[in-house]
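First comes the structure, then the notes that go with it.
The values are calculated or read from the model by the stated rules, or taken from the named source; none is laboratory data. Note that this is a predicted model, so its numbers are computed, not measured. Using ideal geometry, Cβ is built from the backbone for each residue, glycine included, and neighbour counts are taken over all protein chains shown.
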Amino acid sequence: MVKTKFKKAVSLMLAAVMSLTAFTGIGATTAFAAVGEKADVYLVDYPRSGDTNNNGEWGHGNLNYMNGWKGLSTKYTGLRAMGSYSGNIAYCIEPGTGQRTGDTLTEKDENFFNNISPNGTISGDDIRLLIGRILQYGYRGGISTSWKSQNESDANCIAHAYATQILIWETIVGERDAGFNHVSTSGYNAVLECVSTAHPLRSKILSYYNSMVTSVQNHTKVPSFCTRSSGSAKVNELEWNGSKYVATLTDTNGVLGNYNFSANIDGVSFSVSGNKLTVSMEKAPSKEFTITAAKKNGVRRGVVVWSDGIHQNGNGIQDVVTYAQEVSDPVSGFVKMKVSYGSCQIVKTSEDGKVDGIQFTISGNGVNQTVTTANGGKFQLDNLMPGVYTVTEQSIDKYVPQEVHRVTVVAGQVSKVNFNNVLKRGNLQVIKSSEDNLVEGVTFHLYGTSLSGIAVDEYAVTDKNGVASFDDVLISGTTPYTIEEVDTAIRYVVPANQTAPINWKEVTTRNFTNILKKFSVTVTKSDREEGTPQGDATLAGAVYGIYKGETLVDKYVTDKNGQFTTKEYVCDNDWTIREITPSEGYLLDTTVHKVGAEPQLYTVEHNQTANDVTESVEENKKIVKAVLTYQDKKTMSVPDVMRILGLGKTATYRLINQCRFKTYLVLGKMRVDVDSFEDWYAGQFHYEKVNGERPGKKYGKTLSPLTVAKVLGIPRSTANDLMNDGIVEFIWVDGKRRIKRESFDKWYASQSKYTKVKEIEEVEGYVD
């Protein structure tokens, strides 16, 4: 028998070139010789002579393994080497097949296993891979005939080598699946039974056995979130975190640090922290993509087969394997990632309730689309790639321009963006002035239709500086608003209404000036009996005074025609004309002549009135006086009307000319119909008889807004609001509103907000 001997230097040399040689086929991986060369196998049994742990329990009885393989009865733990007793270790791959020291075997490469039949559990190719991985973590090196188990280092070598052999046998007979998981022997002996419970190295052998099982299993173990096949890879979701798309995957297998990660698309970043892999992208992928986990340093030991050409149970010479240098053993895992689409929902609200038909533009991530709200102000755009989008509302004149909104669309979710339209507003300031410098508490009314179509009807009252502010008023449309002074004090000329446009973010100013009503009076003196002077009497030279209340303001002297005209005075209801000194031939007229300068009688600034005074000629020093009465009369004269109402001739004829009551011409003299006069008097509140008889009886018990304001101690505008809001009933009388007394009393009794500060009788001077 020819024996080929190999020097130890050979293995050292191969170790040196290992890093330079890639395993592309097994042909050049032998640690000892080239394929086809021959070598002898040497068997070494333990324990050896002198082993103090020789208890006779190192071997086992006959064992029947899976698939017909056997473990023949022996008293020893057998190991073998190639080339010499101290050669590199070799491992049996035909359990139960005979073998002797000196048997010559021929070298084969790894492809040997491609030709053997599956063992019912794994294929020949899987056997090749697993044996190479067992050798990666098993015992490698030489054996020694001098090993003694009482020596710790020797015991470790024997235990490690025998554990390696056991795992190779398990792989051969079918006790290990492709994942190196142990499978049930189904009634056959387990290979591990070859180590009896009394074996002195049993604990060491099992320790190496278990450690190697773990190492081989972990050799191909991928992170728990991966699969070994890309086709069966699980799909995970990338989610937007506000700045990028992120997914965190947790590895429960504890092998994450053994792998590098790559993706089949650009722009994917990876970071590992403990057992967590974070996948991130700045930009959402357009489609699903695959991540590959590639094992770092994916190598195993090459396998050299030594065979007699027969690989059968019990036939031929037992084949063995030895290790070669490390070869490539790539291990990959796969996981798939995607980003689901999301939706953006625009929700529109508006101050004026108009929410449909509003256009928005959505842009970002390749999208630039204009949409229109419907169905109550909503629009939803689906199938959007997650990310940040810009939503812009089309500008509409009547609304405050909306800010551009940014919305983050999240995968699988509906992201809402809310727009609320606020109507544009501006301000109006009314600046009040008056001739008598009374500017506080004046009410103004602003009304019209806004640009939005909403009616504007607002009131404001001047402050102590005479400023009435209308704040946050809806902007006006093509037609400006109207501003009017409300319930102008009777002493003033009612100022004309003004137009007032309201513009966005602007303050419109309007000025109102109250002009006092003024009058001048022309007094005409006449003879009571004849009209013209009698005898030597004269109408000239009479001295009259004009009085404000009881205060003499100015004196005037009649001219030859018995007349004088005063200068202008401010209208009021207490102006009188009184004779101070009569003219020659006439008695002093003690009548207090009411001027008729009540401001309610006039509407303009400059007014003229007239007073006719009569004088009695001196006759026995007595004054002849006529007392007017129209009881039982159907008509009365114009002077009668003047005396009843306390008016001058001009004011009286103004009433007559306005057709306030019926008049007739009788013998060339104007006569006033009494019934018509009384009917007119009962239907108005502007004029009052000098005897105090109350006007307006036709309308029953009513109150003016001013009376209500004084009774409750509230602004007149608030009293007007009671009517405007329908809280109290009112009627129109002579162009003015009057509150029904019954309605007022009923409302007052039903509320607790307002309290009377005066009684109605205190204010009006009589009972309604």
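General observations
- Near pairs, Cβ below 7 angstrom, 6+ apart or cross-chain, from segment 692-712 (in the same structural domain as V733 (by TED's automatic domain parsing) and in a helix (DSSP H, G or I)) to any residue that is surrounded by 20 or more Cβ atoms within 10 Å (Cβ to Cβ) and polar (S, T, N, Q): P705/N720
- Beta carbons closer than 7 Å, at least 6 apart along the sequence or on distinct chains, pair a first residue in segment 314-326 that is in contact (Cβ under 8 Å) with a residue 12 or more places away in the chain and surrounded by 21 or more Cβ atoms within 10 Å (Cβ to Cβ) with a second that is part of a loop (DSSP other than H, G, I, E, B) and among the aromatic types (F, W, Y) for T322/F32.
- From the list L105, L14, the lone residue that is modelled with pLDDT of 95 or more and surrounded by 17 or more Cβ atoms within 10 Å (Cβ to Cβ) is L105.
- Within segment 447-468, being over 18 Å from T513 (Cβ atoms) and either outside the structural domain of T499 (by TED's automatic domain parsing) or part of a strand (DSSP E or B) (or both) holds for Y447, G448, T449, S450, A455, V456, D457, E458, Y459.
- Just one of the listed residues (A81, A163) is within 21 Å of K204 (Cβ to Cβ), more than 60 Å from the chain's Cα centre (by Cα) and in a strand (DSSP E or B), namely A81.
- Which listed residue is out of contact with any Leu (no Cβ under 6 Å at 6 or more places or on another chain), loosely packed, with under 15 Cβ neighbours inside 10 Å and either modelled with pLDDT of 90 or more or acidic (D, E) (or both), from N368, N383, N375: N368
- Of note, F661 satisfies the criterion of being in contact with a Ser or Thr (Cβ under 7 Å, 6 or more places away or on another chain), buried (at least 18 other Cβ atoms within 10 Å of the Cβ) and of a type in the set (A, V, I, L, M, F, W, C).
- Search result, residues across segment 108-118 that are part of a loop (DSSP other than H, G, I, E, B) and surrounded by 20 or more Cβ atoms within 10 Å (Cβ to Cβ): D109
- Selection count, segment 198-232, where residues are loosely packed, with under 13 Cβ neighbours inside 10 Å and outside the structural domain of A178 (by TED's automatic domain parsing): 3
- Check on G531, in contact (Cβ under 8 Å) with a residue 24 or more places away in the chain and either within 28 Å of D721 (Cα to Cα) or surrounded by fewer than 17 Cβ atoms within 10 Å (Cβ to Cβ) (or both): no
- Scanning segment 191-233 for residues that are within 30 Å of T408 (Cα to Cα) and at pLDDT below 95 returns a single hit, A233.
- In segment 664-683, the qualifying residues are those that are surrounded by 18 or more Cβ atoms within 10 Å (Cβ to Cβ) and in contact (Cβ under 8 Å) with a residue 40 or more places away in the chain, and the one that is nearest to the chain's Cα centre (by Cα) is F677.
- With respect to the stated conditions, V339 is out of contact with any Cys (no Cβ under 9 Å at 6 or more places or on another chain), of a type in the set (V, I, T), within 23 Å of S286 (Cβ to Cβ) and touching a residue at least 40 places away in the same chain (Cβ under 8 Å).
Yes/no matrix, rows are residues, columns are (1) modelled with pLDDT of 95 or more; (2) within 30 Å of V604 (Cβ to Cβ):
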site	(1), (2)
D487	no, yes
V494	no, yes
K518	no, yes
K525	no, yes
R528	no, no
G541	no, no
Y547	yes, yes
D559	no, yes
G562	no, yes
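- Criterion violated by G713 - all others in (1) at pLDDT below 85; (2) at positive phi satisfied: (1)
Yes/no matrix, rows are residues, columns are (1) under 23 Å from G68 (Cβ atoms); (2) hydrophobic (A, V, I, L, M, F, W, C); (3) touching a residue at least 60 places away in the same chain (Cβ under 8 Å):
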{"site": "C92", "(1), (2), (3)": "yes, yes, yes"}
{"site": "P95", "(1), (2), (3)": "yes, no, yes"}
{"site": "Q136", "(1), (2), (3)": "no, no, yes"}
{"site": "R140", "(1), (2), (3)": "no, no, yes"}
{"site": "I143", "(1), (2), (3)": "no, yes, yes"}
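- Set V235, V195: member being of a type in the set (A, V, I, L, M, F, W, C) and exposed (fewer than 14 other Cβ atoms within 10 Å of the Cβ): V235
- Considering residues of segment 277-298 that are assigned to a strand (DSSP E or B) and not β-branched (V, I, T) only, the residue nearest to V367 (Cα to Cα): M281
- Flag not set for S676, criterion: in a helix (DSSP H, G or I), touching a strand residue (DSSP E or B) at 6+ places or on another chain (Cβ under 6 Å) and over 19 Å from E761 (Cα atoms).
- Residue satisfying condition, being modelled with pLDDT of 80 or more and in the same structural domain as L601 (by TED's automatic domain parsing), within set D675, D721, D745, D725: D675
- Scanning segment 470-519 for residues that are part of a loop (DSSP other than H, G, I, E, B) and of a type in the set (S, T, Y) yields a count of 3.
- Condition met for T509 (more than 45 Å from the chain's Cα centre (by Cα) and surrounded by fewer than 15 Cβ atoms within 10 Å (Cβ to Cβ)): no
- Residues considered: V456, V414, V404, V355. Of these, the only one that is within 21 Å of A284 (Cβ to Cβ) and aliphatic (A, V, I, L, M) is V414.
- The number of residues in segment 123-136 being of a type outside the set (S, T, N, Q) and touching a strand residue (DSSP E or B) at 6+ places or on another chain (Cβ under 7 Å) comes to 6.
- Filtered residues of segment 281-313 (kept if surrounded by fewer than 17 Cβ atoms within 10 Å (Cβ to Cβ) and among the aliphatic types (A, V, I, L, M)): A294, I310
- Within segment 64-78, the set of residues being surrounded by 20 or more Cβ atoms within 10 Å (Cβ to Cβ), assigned to a strand (DSSP E or B) and at pLDDT 95 or above comprises T77 only.
- Among the residues of segment 268-288, the ones that are closer than 18 Å to V339 by Cα and at pLDDT 95 or above come to 7 in all.
- Among the residues of segment 308-342, the ones that are modelled with pLDDT under 90, among the small types (G, A, S) and within 60 Å of the chain's Cα centre (by Cα) come to 2 in all.
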